[in-house]
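Just so it is clear, none of the values below were taken in a lab; they were calculated from the coordinates. Predicted model only: the values in this text are computed from it and were never measured. Note that we place each Cβ from the backbone using ideal geometry, even for glycine, and neighbour counts take in every protein chain shown.
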Amino acid sequence: MDIFTYIIIFMMGTVFGSFFTLAVYRLPLHKDITHERSFCPNCNHRLEFLDLIPIFSYIFLKGKCRYCGQKIRIRYLILEILSGLVFLMAYASFGIHYPNYELSTLVAFVFFVFMYITIVIVAGIDKEYRTIHKGTIIFGTIMQVLYILYLYIMEGTSIYRYSIYLVLLLIMQIANILYFKKTGKNAYILEILVFSFYIIFVTSAELFLPISIFTAVLIAFNTLIQKVKFNLRDRPDILKENESKATSIGYFLGIATVIVVLLENVLKYCIK
Ligand SMILES: [Zn+2]
């Protein structure tokens with residue numbers, strides 16, 4: 001039994017889950033994400049080690065800040081648990097089994113983690129700021145290039161297909177940066193294209209079709225929920241305001257990608 005490994009993998013996922021909140025909050029503000037300690041956004045008290053343990057700190061502190069008593073939003077806890085589950089599912093579906101750890105599956109899992117981090121942070125920043133964070137996309141692209149080089153050198157995989165997607169991704173990213181330099185604004189459509197090409201680059205063109213369909217379904221579903229929610233509250237003014245607010249497409253695209261990629265992995269594993 002490697003239940004112990006599963007627990008560690010789950011914990012790793014929860015640590016990344018709490019890292020996402022911090023990254024989404026700090027990256028757009030150009031703040032350091034690795035060295036500076038977290039602090040409570042309400043009382044600014046620096047958080048100690050014990051306050052930073054995922055899930056457990058939330059439970060022991062009963063969902064409140066230890067210093068000022070401010071409630072911690074439950075969505076942080078949910079994100080941590082979900083992240084742990086994603087890690088578990090990915091790890092299991094990659095077919096990594098104790099004690100036969102194959103290098104190729106371990107490497108595949110590590111680069112899956114890099115892809116996952118990139119997509120969740122991009123999606124989170126898009127939800128909060130409605131922009132696709134360039135730095136995170138560049139980080140994800142570099143990691144995927146390293147992975148493809150590994151596949152090419154160690155396993156002799158053909159990289160022809162990948163290079164086309166990479167070139168398209170780079171063209172979109174350069175166009176995006178030039179547009180920003182020229183106008184000082186982001187072209188959201190261009191940004192969504194960059195994110196889409198990143199997703200095709202790390203998954204595949206075939207997988208992008210179900211991802212797009214799923215994204216459209218999520219957006220439609222979300223619009224419907226908003227409508228019902230505000231109609232029930234009888235607040236047509238809020239509904240109108242929300243309707244005029246543009247949707248964060250990248251947020252839904254990110255969620256759809258993570259779910260579709262996981263499902264694909266699990267299906268592949270079940271068929272094997
Ligand atoms: Zn506080």
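Key figures for this structure:
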{"item": "Pairwise label distance in nanometres, VAL266 with VAL110, each label 7 Å out on the Cα-Cβ vector", "result": "2.7 nm"}
{"item": "Fully extended contour minus Cα-Cα distance, from LEU61 to ASP237, at 0.36 nm per residue", "result": "59.6 nm"}
{"item": "Stokes-Einstein D (µm²/s) once Rh is taken as the Kirkwood radius of the chain over alpha-carbon pairs, at 25 °C in 0.890 mPa s", "result": "120 µm²/s"}
{"item": "Expected 222 nm ellipticity per residue - DSSP helices of 4 or more, -39500 (n - 2.57), all of the chain, to 500", "result": "-25000 deg cm²/dmol"}
{"item": "Across LYS31/LYS185; LYS134/LYS181; LYS71/LYS227; LYS134/LYS182, pairs whose alpha-carbon gap is larger than 19 Å", "result": "LYS31/LYS185; LYS71/LYS227"}
{"item": "Taking the C-alpha atoms of the stretch 84-221, convex hull volume expressed per residue in Å³", "result": "123 Å³"}
{"item": "Linear extension gain, LYS127 paired with HIS97, 0.36 nm per residue minus alpha-carbon span", "result": "7.1 nm"}
{"item": "Among THR157, PHE195, LEU22 - extreme Cα towards positive end, dipole of the chain, charges at beta-carbon", "result": "LEU22"}
{"item": "Neighbour count of at most 14 Cβ within 10 Å plus DSSP loop: longest GluC sites (Glu not before Pro)-free window in the chain", "result": "103-272"}
{"item": "For the chain, built as a Gaussian network whose Cα springs stay under 10 Å, the top-fluctuating residue of MET154, MET143, MET115", "result": "MET154"}
{"item": "Inter-probe distance in nm under a simple model that places probes 7 Å from Cα toward Cβ, at LEU88 and LEU170", "result": "4.1 nm"}
{"item": "Percent RCO, i.e. relative contact order, over the chain, from Cα pairs under 8 Å lying at least 6 residues apart", "result": "20 percent"}
{"item": "Size of the stretch 143-191 as Cα extents on the principal axes (Å, biggest first)", "result": "44, 17, 14"}
{"item": "Estimated dipole of the stretch 1-93 in Debye, rounded to 20 [Cβ of Lys and Arg +1, of Asp and Glu -1, Cα centre]", "result": "460 debye"}
{"item": "Set of lysines near LYS229 by C-alpha distance (under 17 Å), chain-local residues within fewer than 8 positions excluded", "result": "LYS240, LYS245"}
{"item": "For the stretch 1-93, fraction of C-alpha pairs farther apart than 19 Å, in %", "result": "44 percent"}
{"item": "Low-density loop positions, chymotrypsin sites (Phe, Trp or Tyr not before Pro), the stretch 1-66 - DSSP coil, at most 16 other Cβ in 10 Å", "result": "none"}
{"item": "FRET E, pair LEU149, VAL228, Förster distance 35 Å, beta-carbon r, rounded to 0.05", "result": "0.10"}
{"item": "Under 15 Å from the Cα of LYS62 - aspartates and glutamates, other chains or at least 8 residues apart", "result": "ASP51"}
{"item": "Estimated distance in nm for a label pair at LEU50 and GLU36, the labels positioned 7 Å out from Cα along Cα-to-Cβ", "result": "2.6 nm"}
{"item": "Alpha-carbon centroid distance for the pair the stretch 155-208 / the stretch 33-64, whole angstrom", "result": "36 Å"}
{"item": "At R0 = 25 Å, FRET efficiency that the Cβ-Cβ distance of LEU207 and ILE159 yields, to 0.05", "result": "0.90"}
{"item": "Neighbour net charge for TYR179 - beta-carbon separation under 14 angstrom, K R +1, D E -1", "result": "+3"}
